[in-house]
Amino acid sequence: MPRETLFTKIVAREIPADIVYEDDLCLAFRDIAPQAPTHVLVVPKEPVESIDSLTADHQELAGHMMLVCKKVAAAEGLSAGYRVVINNGKDGGQSVDHLHFHVLGGKSLKWPPG
């Protein structure tokens, strides 16, 4: 069983967050250290550790999360464009061991990142 994380505590409402979207499968909330004017995290309610932890059983969840990213971007008015980022593992920049998608926008984003 995955260990408790900051995100499992947010999903359980043990820690407050600025929630912008919720459904049966996931929760989206504003990042407390935003890297762009709009920076929202989309997390599954199921405590999946990382993209490497996904299995075929998670196919519907992973696809659903991508559609939630699209919904969040539209609700946030990111019609000029946005970026969806998934960090995986320590070297990939993952800081919380709970799968999460970053929805970033509100400015022109540069490439390459980091």
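Give the relative contact order (percent, whole number) for the chain; include only Cα pairs under 8 Å separated by 6+ residues.
Details: 167 pairs, mean separation 33.8, N = 114.
That works out to 30 percent.
Which ³J(HN,Hα) values, rounded to whole Hz and listed in residue order, are derived for the stretch 54-60 from phi using the Karplus coefficients 6.51, -1.76 and 1.60 in 6.51 cos²θ - 1.76 cosθ + 1.60 with θ = phi - 60°, glycine and proline given as x?
Residue by residue, the stretch 54-60 yields 5, 10, 4, 5, 9, 4, 5 Hz.
Taking GluC sites (Glu not before Pro) that fall in a DSSP loop and have at most 15 other Cβ atoms within 10 Å as cut points, what is the longest piece of the chain between them? Kindly include the intermediate steps, with their values, before the conclusion.
Values: sites that count: GLU4, GLU14.
Longest stretch, sites excluded: 15-114.
Counting C-alpha atoms alone, how compact is the stretch 6-105: give Rg to one decimal and Dmax as a whole number, in angstrom.
Calculated on Cα positions, Rg and Dmax stand at 12.7, 35 Å.
Just want the ordering: ARG30, ARG3, from fewest to most Cβ atoms lying within 10 Å of their own Cβ.
On the way: ARG30 14, ARG3 9.
Starting with the residue having the fewest Cβ neighbours, the order is ARG3, ARG30.
In a shell of Cβ-Cβ distance under 14 Å around GLU14, excluding GLU14 itself, what net charge do Lys and Arg (+1) and Asp and Glu (-1) give? Working shown, then result.
Details: positive: LYS9, ARG13, LYS45; negative: GLU4.
Every neighbour counted, the sum reads +2.
Which length gain, in nm to one decimal place, applies between LEU67 and LEU54 when the Cα-Cα distance is subtracted from 0.36 nm times their residue separation? Provide the component values of the computation, followed by the final result.
Details: separation 13, 0.36 × 13 = 4.68 nm, distance 1.70 nm.
Once the chain is fully extended between LEU67 and LEU54, it gains 3.0 nm.
Given only helices, namely DSSP H runs of n ≥ 4 each adding -39500 (n - 2.57), what is the per-residue ellipticity at 222 nm of the chain, to the nearest 500 deg cm²/dmol? Write out the running numbers ahead of the final one.
Numbers: 2 runs with 23 residues, N = 114.
Value at 222 nm, helices only, nearest 500: -6000 deg cm²/dmol.
Give the Rg/Rh ratio for the stretch 1-41, taking Rg as the radius of gyration of the Cα atoms and Rh as the Kirkwood radius, to two decimals. Walk me through the intermediate numbers first.
Working: Rg = 10.9 Å, Rh = 11.1 Å.
Taking Rg over the Kirkwood Rh, I get 0.99.
Every number in this text was worked out from the coordinates using simple rules, so none of it is lab data. The model shown is predicted, which means the values in this text are computed figures rather than measured ones. Positions of Cβ are generated from backbone atoms using ideal geometry, with glycine treated the same way; all protein chains shown enter the neighbour counts.
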